Amino acid sequence: MISVAIVIFDEFTDLDFFLMWDILGRNKTDWQVKVLGTKSDHVSTLGMQVKTHGHVSEANDADVVLFTSGYLGVPAAIEDKEFINAFHLNPDTQLIGSICAGSFILAKLGLLEAISATTHPDAKAGLLSMGVAVQDKPLVVHGNIATAGGCLSSVYLIGWLAERLFDEAKRKEVLRQLIPAGQQEIYEELIGSSIKSAYVN
């Protein structure tokens with residue numbers, strides 16, 4: 001069973017977390033998803049309380065680690081020594097992804113050195129100031145590291161993950177329930193092309 005860790009913190013963005021949690025959580029046979037944090041529960045920007053399944057340090061043993069976002073939560077998280085020092089991730093053996101400002105956490109952990117990334121357009125200047133080459137793309141992939149920019153780009157991030165772990169058929173299966181009625185071909189083309197164009201040599 002593939003282990004997937006979704007990392008949260010106080011003031012995380014609701015949609016960034018819940019969309020990933022919902023998409024991945026529907027599949028009970030291919031992977032097991034755990035929500036990790038520094039406390040037994042964390043509260044979102046809109047006040048939703050989410051219980052965690054374990055400490056963020058457990059992400060070091062996960063096959064997949066996904067970081068949520070939060071325009072208020074991320075700045076606090078990257079200054080939290082307990083949070084940052086708990087991670088010892090290995091991009092050679094783990095798939096690591098972030099949504100929106102979650103890329104700031106990857107940068108703080110040194111995972112974006114010498115590679116480009118993406119983030120929410122409103123956060124671009126901040127990521128550039130950290131020395132990261134920022135691309136205006138919904139998804140940027142370097143090896144086992146993927147960054148997604150904009151809440152709805154979670155669809156591309158999870159699609160990439162499903163393809164990397166399995167294949168294109170699994171990606172279509174995982175995302176099928178999200179596609180609006182009558183627009184399957186449009187979305188399949190958009191999702192497929194966005195993932196293909198995300199890879200950077």
* Asked: What pairs come up if the first residue lies in region 81-94 and is within 14 Å of Ser3 (Cβ to Cβ) and touching a residue at least 40 places away in the same chain (Cβ under 8 Å), the second is open to solvent by 40 Å² or more (accessible area, probe 1.4 Å) and part of a loop (DSSP other than H, G, I, E, B), and their beta carbons are under 7 Å apart, counting only those six or more places apart or on different chains?
  -> Gln94/Asp63
* **Exclusive hit being in a strand (DSSP E or B), open to solvent by 10 Å² or more (accessible area, probe 1.4 Å) and modelled with pLDDT of 95 or more, set Lys34, Lys39** => Lys34
* To do: Kindly list the number of the only condition in (1) open to solvent by less than 40 Å² (accessible area, probe 1.4 Å); (2) out of contact with any Asp or Glu (no Cβ under 7 Å at 6 or more places or on another chain); (3) aliphatic (A, V, I, L, M) that fails for Ile195.
  => (2)
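Those residues that are within 16 Å of Cys151 (Cβ to Cβ) and open to solvent by 30 Å² or more (accessible area, probe 1.4 Å), I need them from region 57-103; list them, please.
Tyr71, Leu72
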* Asked: When Ala114 is evaluated against the numbered criteria (1) under 21 Å from Ala133 (Cα atoms); (2) open to solvent by 30 Å² or more (accessible area, probe 1.4 Å); (3) modelled with pLDDT of 95 or more, which criterion, by number, is the only one it fails?
  -> (3)
* Asked: Considering region 106-123 alone, what residues qualify as being touching a helix residue (DSSP H, G or I) at 6+ places or on another chain (Cβ under 6 Å) and of a type in the set (A, V, I, L, M)?
  -> Leu112, Ala117
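The values are calculated or read from the model by the stated rules, or taken from the named source; none is laboratory data. Treat the numbers as computed from the prediction; the structure is a model and nothing was measured. Cβ sites come from the backbone with ideal geometry, for glycine too, and all protein chains shown count toward neighbours. With ligands, DNA and RNA removed, areas are computed over all heavy atoms of the protein, side chains included. Shrake-Rupley method; radii C 1.70, N 1.55, O 1.52, S 1.80 Å.
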